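Worksheet: the structure to be examined is printed underneath.
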């Protein structure tokens, strides 16, 4: 008991460092849980719809092939018109991932249960040496 009383700051430091290690797992990492490889499988095997929630300027600079551009602010209004079949997988992409993660929440509220954000966004896609097109 004296050890705990005398070294309370070490115990607090250990708990804080443990919380910092667990926080990214709880939060969802770098915006999404869908890897680039799994996204390719969904696109090829299940005809997943790719929605890029970046702004039009970012979309023009580079995006996944066959991606549709729907800025995050317009997603709630435009997604039902673009993806009519809510059973299809929907892959949401942005530059680095955080906007796509917010878009995933919006899509799920609209009834798209298979909506997933691409982890790491377009940056992770490029790092996996997957094709990007410009418009």
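For the chain, the longest principal axis of the C-alpha atoms and the axis of helix 36-46 are separated by about 40°.
Segment residue 41..residue 88, full-extension length gain: 15.6 nm, with 0.36 nm per residue of separation and the alpha-carbon distance subtracted. Residues 20, 1, arranged from fewest to most other Cβ atoms within 10 angstrom of their Cβ, appear as 1, 20. Looking at segment 36-133 alone, DSSP beta bridges between its own residues are antiparallel in about 20 percent of cases. Post the alpha-carbon centroid distance, segment 31-67 to segment 75-113, in whole angstrom. Cα centroid to Cα centroid, the span is 11 Å.
In segment 55-101, the C-alpha radius of gyration followed by the widest Cα-Cα span (Dmax) gives 10.9, 30 angstrom. Label positions at residue 113 and residue 134, each projected 7 Å from the Cα along the C-beta direction, are separated by 4.2 nm.
Semi-axes of the equivalent ellipsoid for the chain, computed as √(5λ) from the eigenvalues of its C-alpha gyration tensor and ordered from largest down, come to 37, 16, 14 Å. Peptide packing: for 57-69, 93-105, the average count of neighbouring Cβ atoms within 10 Å per residue gives the ranking 93-105, 57-69, highest mean first.
Between 0 and 90 degrees, the angle of helix 98-109 with respect to the longest Cα principal axis of the chain falls at about 70 degrees. For the chain, adding -39500 (n - 2.57) for each run of n ≥ 4 DSSP H residues and dividing by the number of residues yields -15000 deg cm²/dmol at 222 nm. Against the chain, whose longest principal axis is taken from its Cα atoms, helix 8-27 shows a tilt of about 10°.
A short reminder: the numbers here are calculations on the coordinates, not readings from a lab. Bear in mind that the values here come from a model prediction, so they are computed numbers and not experimental data. Glycine gets a Cβ as well: all are built from the backbone with ideal geometry, and neighbour counts include every protein chain shown.
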